[in-house]
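One structure is given here, and the rest of the page talks about it.
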Amino acid sequence: MGNLVAIVGRPNVGKSTLFNRLTNSRQAIVSDEAGTTRDRQYGKCEWNGREFSVVDTGGWVVNSDDVFEEEIRKQVIIATEEADLVLFLCDIKNGVTDWDMDVAQILRKGVKGSEKGVKGSEGDKSLLPPVILVANKADDGKDLYGQYDFYKLGLGDPFCVSAATGSGTGDLLDKVLEMLPEKQKDDLEDGIPRFAVVGRPNAGKSSIINAFIGEDRHIVTDIAGTTRDSIYTRYDKFGFDFYLVDTAGIRRKNKVSEDLEFYSVMRSIRAIENSDVCILMIDATRGIEAQDMNIFQLIQKNNKSLVVAVNKWDLVEDKSQIAISTFENAIRQRMAPFVDFPIIFTSALTKQRIFKVLETAKQVYLNRKAKIGTSKLNEVMLPIVEATPPPSIKGKYIKIKYVSQVPDTQIPTFIFYANLPQYVKENYRRFLENKIRENWTLTGTPINVFIRQK
C-alpha cells in the first residue's frame, strides 16, 4: 500500500515550493501571487529508503471574500479524509491568520478523531489522519521567534522550515516517516494480476465494474483495509482470475459533488498505486479531456500498464472505421511519446466488448512479465545498433557491445552496455525502446532502457 501525504493551507504560504522540495521537481508553478496553483500536483518523495506520495492541494482561485468558505474548506476536508498524513502549512512571517484558525479547527477534529475513530457521514469509523503543523518561510534565525504564535492553533509543536532553501526539511521528513503507518501486508495471493478501473467522474467506472461482476457473483472475496485503503474483489470465472482494485466504494455521496475532481484524483492515486494494470475509461461522447490526461500521467509516474477503454460507444452516431481511427489517433497524439497501448471501444451499458477489455488487460499483464533471452536480444538488437549507431560526440564514437534484460523487475528493464554511456542522448534511448517494441510484444506496458558502462 502506498502512503499518501497531503499538503494543506491557505493560499501563498509556500505549498507548491514545499511540494517541489519534497518531490525533487519543479512541477508546481511557484509565484508570489496567491492562487497560482490551479491543478492538483502529485509526486513521489523518497527519504531514507521509504517512498510515499505527495499531493499539493492547490486548485482554488482567489476572487472573492468567501473563497475560504467555499474552496479551501472542501479541499482540507477531502484531504483529511483521504490522506494518511496531513502537512498543515502556515507562514511564519505573517503569523497566525483567521484562515489558519479555521483550517486548524477542521484539522483538530481529525486529530481528536484519530485517537478513537470519528463517525463519518455514513456511520463508518473514519480513522482521520495525524497532522504535522509546519511554519514555512523561516529563512533566517530572527524568524524563529515567530513560532510561539502557532501554539494557539492547538496542533502541537510547529516544525520551522524554509521550503525555498530546504532548511529544516530533513527533520520534517524524519517526522513524516515516523508518523506514517507502516505498510501493511495485504492478504492477497501472489502472482494474481490486479486491475484498476480509473477515469474521471461519469466516465462509467462503476457501470463497467458492475458489468464485469454482474449480479450472479461467483467466488468474490472483498478484502478491506481501513476506509482509505483499496478493496480487492477477486474475479475468477470465464477463464479469468484477477483482483479488481476499487477504492473503498465512494463514501460521502452527499458531499462528493463539493469537489468531485479533487476527490476523484485522490481516489485514483490509491487505485493506481495498488494495481498492475490500469483500465483508463474515457467518455466517447466527450473525447479526451484534461482530467483524463492527469490520470494518464499518474499511471505513467507509477510505471503501471495501460489499457484505454472508450466507453459509451453505443451513444456515438458515426461508428465508421474512419471515425474509430480518428479517435484512436487523437488519444495517441495526446499521450505521446508512450503510444504502444491498446484502445478498445466498449459500452458498459450494452456490455459490448467488455470481455475484450478483460482479455486485453490480461494480455497486457503478461506483457509486463515478459522475459526475453539474452542471446535472442543480442541477435536482434546488435545488428540494429550497428546499422544505426548513436551519433558521435566531439569525435568520440560510442560502441554498444552487449544488451541484457534485468531479471525480477517491476516492468521489463533492458541494459545496453557501451564504452561512453554518458554521451548517449534521450532520443537514441527512445529509438532503442521503439526497436525492442517492434520485435517483441510489449504492448500496454512501460519499459525501462538504461545505458551503462560495459
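The values are calculated or read from the model by the stated rules, or taken from the named source; none is laboratory data. Note that the coordinates shown come from a computational prediction; the quantities given were computed from them, not determined experimentally. Positions of Cβ are generated from backbone atoms using ideal geometry, with glycine treated the same way; all protein chains shown enter the neighbour counts. Just the protein is used for accessible areas: all its heavy atoms, side chains included, with ligands, DNA and RNA removed. Shrake-Rupley method; radii C 1.70, N 1.55, O 1.52, S 1.80 Å.
Could you please give the count of residues in the stretch 323-381 that are small (Gly, Ala, Ser) and free of Cβ contacts under 8 Å to residues at least 12 places away in the same chain?
If we filter the stretch 323-381 for residues that are small (Gly, Ala, Ser), which is where we start, we get 323, 325, 330, 336, 347-348, 361, 370, 373, 375.
Okay, now just the ones that are also free of Cβ contacts under 8 Å to residues at least 12 places away in the same chain, so 323, 325, 336, 373, 375.
Counting residues in the stretch 323-381 that are small (Gly, Ala, Ser) and free of Cβ contacts under 8 Å to residues at least 12 places away in the same chain gives 5.
Restrict the check to the stretch 403-412 and report whether at least one residue is in contact (Cβ under 8 Å) with a residue 60 or more places away in the chain and out of contact with any His (no Cβ under 6 Å at 6 or more places or on another chain). Spell out the reasoning first.
First, pick out the residues of the stretch 403-412 that are in contact (Cβ under 8 Å) with a residue 60 or more places away in the chain: 410-411.
Within this subset, residues satisfying the condition of being out of contact with any His (no Cβ under 6 Å at 6 or more places or on another chain) are 410-411.
Yes: one or more hits.
Go through (1) open to solvent by 70 Å² or more (accessible area, probe 1.4 Å); (2) in contact with a strand residue (DSSP E or B) (Cβ under 7 Å, 6 or more places away or on another chain); (3) modelled with pLDDT of 90 or more one by one and return the number of the condition Tyr151 breaks.
In the conditions (1) open to solvent by 70 Å² or more (accessible area, probe 1.4 Å); (2) in contact with a strand residue (DSSP E or B) (Cβ under 7 Å, 6 or more places away or on another chain); (3) modelled with pLDDT of 90 or more, Tyr151 misses (2) alone.
Do you know which of the residues in the stretch 205-224 that are open to solvent by less than 50 Å² (accessible area, probe 1.4 Å) and small (Gly, Ala, Ser) is modelled with the highest pLDDT?
Top of the filtered list is Ala211.
From the list Phe195, Phe238, exactly one residue is modelled with pLDDT of 70 or more, open to solvent by less than 20 Å² (accessible area, probe 1.4 Å) and closer than 23 Å to Tyr365 by Cα. Which is it?
Numbers: Phe238 fails: open to solvent by less than 20 Å² (accessible area, probe 1.4 Å).
That would be Phe195, the only listed residue that is modelled with pLDDT of 70 or more, open to solvent by less than 20 Å² (accessible area, probe 1.4 Å) and closer than 23 Å to Tyr365 by Cα.
Inspect all residues belonging to the stretch 330-342 and state whether any of them is among the β-branched types (Val, Ile, Thr) and farther than 19 Å from Phe212 by Cβ. Walk me through it before giving the result.
Within the stretch 330-342, the first condition is being among the β-branched types (Val, Ile, Thr), and the residues that meet it are 331, 339.
Narrowing further to those that are farther than 19 Å from Phe212 by Cβ: 331, 339.
The answer is yes, given that some residue of the stretch 330-342 is among the β-branched types (Val, Ile, Thr) and farther than 19 Å from Phe212 by Cβ.
State the number of residues belonging to the stretch 155-172 that are within 14 Å of Arg108 (Cα to Cα) and open to solvent by 50 Å² or more (accessible area, probe 1.4 Å).
The total comes to 1.
What number of residues within the stretch 285-313 are open to solvent by 10 Å² or more (accessible area, probe 1.4 Å) and not in a helix (DSSP H, G or I)?
Of the residues in that region, 9 qualify.
Given (1) at pLDDT below 95; (2) within 32 Å of the chain's Cα centre (by Cα), identify the lone condition not met by Lys401.
Every listed condition holds for Lys401 apart from (2).
Testing Thr227 on (1) crowded, with 17+ Cβ neighbours inside 10 Å; (2) modelled with pLDDT of 80 or more; (3) in contact with a Gly (Cβ under 9 Å, 6 or more places away or on another chain); (4) not basic (Lys, Arg), one condition comes back false. Which one is that?
(2)
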